[in-house]
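Reading through the structure tokens given below for one structure.
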Amino acid sequence: MNKFRLVMIATLVATFLFVGCNQQGKDSSGALASSAAEKVYVAPGEHDDFYAFISGGFSGQLSVYGLPSGRLFKVIPVFSQDAEKAWGYNEETKPMLNTSHGFVPWDDSHHPDISQTNGELDGRFVFINGNNTPRIAKIDLSVFETTEIIEIPNSAGNHSSAFVTENTEYVVAGTRFSVPIPQRDMPINEYKGNFQGSLSFISVDPEDGGMDLSFQILMPGFDYDLAHPGRGASHGWMFFSTYNSEESHSLMEVNASQNDKDFIAAVNWKKAEEYINEGKFKTMPANYAHNVYDEETHTATSTMKKEVRVLDASELPGLVYLLPTPKSPHGCDVNPTGEYIVGNGKLSSDLTVHSFAKMIDAIESEKFDGEAYGIPILSFEDVLAGTVKQAGLGPLHTEFDGQGNGYTTFFISSEVVKWKVGTWEVVDRQPCYYSVGHLMIPGGNSRKPYGKYVVAMNKITKDRYLPTGPEVTQSAQLYDISGEKMELLLDFPTVGEPHYAAGIPADLIKERSKKIYSLEENKHKYATTSDANVRVERNGNEVHIYMTMIRSHFNPDNIEGIKVGDKVYFHVTNLEQDYDVPHGVSMIGANTSELLIMPGQTETFVWEPKQVGVWPFYCTDFCSALHQEMQGYVRVSPANSDLELSWSLGED
Ligand code: CUA
């Protein structure tokens, strides 16, 4: 296909999209029947049935919603600084955002995945990728906080991530962009044959959930787009969609669309483990951060790791096979039994479904149809299970309901299409408003989906809500999928751009949700767990304030002897041991954020006073009837003052 024709197609697609949106906008007003309203109504004081963890995309965070209500409960800060929660502002969490590039207080978070045991959701952790500065984060669902972030070396645009295997043996992360490995100064136009991709396997400790970059697999210089694990029969395998098998490096919309087929790469990670155990890896120098938040010290540490074990797919037989898949596949999804791998060619109208059993047969009979950099290519016909024909335009992602149906999003024709696994026939379609990307069925990427709802995450919002200037909210839509036909129930706005989500029955999490931090177990270096230990200490121009807070005062609340030029550390411990009694603390002129401190927790901010005077601080969280009285003063004297430090509470 020549370049001109492709540009023409792109223009047509854009026109269709524009027209499609406007047309659908007109007839969408009657979509919500009164029975739909009942289905999403969660009465005051009642709880939702499901949690939905929806990625924030360019917000870098992870939002927690209830389903079916669509109510927002929390935004969990992950890769981006968050002034509301002091994430990345207080001394305790700053190390969480450390990388080999230094402090990186933002990322692009895409694909959350919930930990599994025996192929079923276990509700312990959510993992999510940072795309831009490649990282994988772990959120502990007993506290709904990010407790670990590991940087991924030899990766760029960490997109085919973060997907867990059936027993959370690994969280898998694949590079989107191929790059020189190791990074070096070289001409970009020497990409072909010189740039490489990497697929990373991060082990997860079965006991404490600790992550470790176990090994990486070096791959040809394609782009690796999405991934999903094998399950059941295909447990031990991981599948990655690829595009740009052309290995081009410029004007990708044209040059990476030349080949009729790209590949799904089937990676045998059990085989990789064998090769690791046999010592068939190379140890490459690397430089990446491993950041861990300790819940006893309430403090994060960052460690720089210096090497990584690498397996070369070109040299190690049986490690990777390539399944030809039409038209630059995007989504790469595996059904609950693990037999079918769906590749959605985003420039196609058909869905290609590969068979795992046929793949194994073809491998065992060594029926190969060429190779790429030493990696065997299987024949398309040999691995094809079936095709969902003419299902729509621009297929992106597929999820499964556990009743033998697949649900695929179509970006260009803006719809969710339901089809039967095995017969490949389309059974229903419902429009999305507008241009849906990912979709999510709770447990849809496990052996046991909870097929009651599907959430569509849309790329374009246009007229769905009250206008808010040029920037409008991003949007999700909830459909009931419990019947033969899908039913649109609800639109709800989202934080950032939702790329993907993971959902889970609330019962699997809510009983284990932590209510307070135990003061007795607080091992923070600067904790002040009783008022007897309250004090202020000077070490040169560093001043450490050991402060407590309880309804409704700080101790101390009057401090004198601070000087201009001092670096003042407020180490503040919340002495409360009751559920839902956080206090906040903020200091005038502080170049950080307030601290929002949970019961039993200690946090620290730094204040560098620039001006002589008497400066107030106060509680930022409305904690009691006397919240407004929860305040104090710091006296700041000139740099050359010889006023001694003193502190007090309730003295005249
Ligand atoms: Cu403590 Cu408001």
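The values are calculated or read from the model by the stated rules, or taken from the named source; none is laboratory data. Given the structure is predicted, the values throughout are model-derived calculations rather than measurements. Neighbour counts run over all protein chains shown; Cβ positions are idealised from the backbone, glycine included. Note: accessible area is taken over every heavy atom of the protein model, side chains too, but ligands, DNA and RNA are not part of it. Shrake-Rupley method; radii C 1.70, N 1.55, O 1.52, S 1.80 Å.
Go through region 626-637 and give me each residue that's more than 7 Å from the ligand (Cβ to nearest atom) and either in contact with a strand residue (DSSP E or B) (Cβ under 7 Å, 6 or more places away or on another chain) or free of Cβ contacts under 8 Å to residues at least 12 places away in the same chain (or both).
Gln628, Gln631, Gly632, Tyr633, Val634, Arg635, Val636, Ser637
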Exercise. Give the residues of region 412-439 that are more than 15 Å from Asp491 (Cβ to Cβ), within 29 Å of the chain's Cα centre (by Cα) and of a type outside the set (Lys, Arg), sorted by residue number.
Key: Ile412, Ser413, Glu415, Val417, Trp419, Val421, Gly437, His438
Self-check item: Hits in region 486-525 (condition: among the aromatic types (Phe, Trp, Tyr) and closer than 18 Å to Asp49 by Cα)
Solution: Phe492
Practice problem: For region 48-68, enumerate the residues that are more than 14 Å from Ile504 (Cα to Cα) and open to solvent by 20 Å² or more (accessible area, probe 1.4 Å). | Solution: Phe58, Ser59
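Rundown of residues vs (1) among the polar types (S, T, N, Q); (2) open to solvent by less than 50 Å² (accessible area, probe 1.4 Å), yes/no style:
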| site | (1), (2) |
| --- | --- |
| Pro187 | no, no |
| Asp208 | no, no |
| Met211 | no, yes |
| Gln216 | yes, yes |
| Trp237 | no, yes |
| Thr242 | yes, yes |
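Kindly evaluate Lys448 against the criterion of being within 26 Å of the chain's Cα centre (by Cα) and among the charged types (D, E, K, R). Give the derivation first.
Details: within 26 Å of the chain's Cα centre (by Cα): yes; among the charged types (D, E, K, R): yes.
Yes; evaluated as a whole, the condition is true for this residue.
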Practice problem: Just one of (1) open to solvent by less than 10 Å² (accessible area, probe 1.4 Å); (2) within 11 Å of the ligand (Cβ to nearest atom) trips up Phe622, so point out which. | Solution: (1)
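Can you tell me which residue among Tyr465, Tyr450, Tyr479 is open to solvent by 10 Å² or more (accessible area, probe 1.4 Å) and under 21 Å from Trp419 (Cα atoms)? Let's see the steps before the verdict.
Numbers: Tyr465 fails: under 21 Å from Trp419 (Cα atoms); Tyr479 fails: open to solvent by 10 Å² or more (accessible area, probe 1.4 Å).
Residue meeting the stated conditions: Tyr450.
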Exercise. Considering every residue within region 601-612, establish whether at least one is in a loop (DSSP other than H, G, I, E, B), away from the ligand (no atom under 15 Å from the Cβ) and within 36 Å of the chain's Cα centre (by Cα).
Key: yes
Quiz item: Does region 469-496 hold any residues that are in contact (Cβ under 8 Å) with a residue 60 or more places away in the chain and among the small types (Gly, Ala, Ser), and which are they?
Solution: Ala476, Gly496
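So for region 589-598 (the condition being in a strand (DSSP E or B), open to solvent by 30 Å² or more (accessible area, probe 1.4 Å), more than 16 Å from the ligand (Cβ to nearest atom) and not β-branched (Val, Ile, Thr)), does at least one residue qualify?
Narrowing region 589-598 to residues in a strand (DSSP E or B): 595-597.
Now narrow it down to the ones that are open to solvent by 30 Å² or more (accessible area, probe 1.4 Å): 596.
Filter once more, keeping what is more than 16 Å from the ligand (Cβ to nearest atom): none.
No, that holds for no residue.
Quickly run through region 563-575 and pick out the residues that are touching a strand residue (DSSP E or B) at 6+ places or on another chain (Cβ under 8 Å) and open to solvent by 10 Å² or more (accessible area, probe 1.4 Å).
Keep residues of region 563-575 that are touching a strand residue (DSSP E or B) at 6+ places or on another chain (Cβ under 8 Å), which gives 563-564, 566-575.
Of everything in region 563-575, those that are touching a strand residue (DSSP E or B) at 6+ places or on another chain (Cβ under 8 Å) and open to solvent by 10 Å² or more (accessible area, probe 1.4 Å) turn out to be Lys563, Val564, Lys567, Tyr569, Leu575.
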Exercise. With the checklist (1) out of contact with any Gly (no Cβ under 6 Å at 6 or more places or on another chain); (2) open to solvent by less than 30 Å² (accessible area, probe 1.4 Å); (3) among the β-branched types (Val, Ile, Thr) in hand, flag the one item Thr387 doesn't pass.
Key: (2)
Exercise. Being open to solvent by 50 Å² or more (accessible area, probe 1.4 Å) and farther than 14 Å from Pro95 by Cα is the filter here, so list the residues in region 296-313 that pass it.
Key: Glu296, Lys305, Lys306, Glu307, Arg309
Exercise. Keeping to region 634-649, report how many residues are loosely packed, with under 15 Cβ neighbours inside 10 Å and either under 18 Å from Trp607 (Cα atoms) or acidic (Asp, Glu) (or both).
Key: 5
Quiz item: Does Thr528 meet the test of being assigned to a strand (DSSP E or B), of a type outside the set (Lys, Arg) and either modelled with pLDDT under 95 or closer than 21 Å to Ala86 by Cα (or both)?
Solution: no
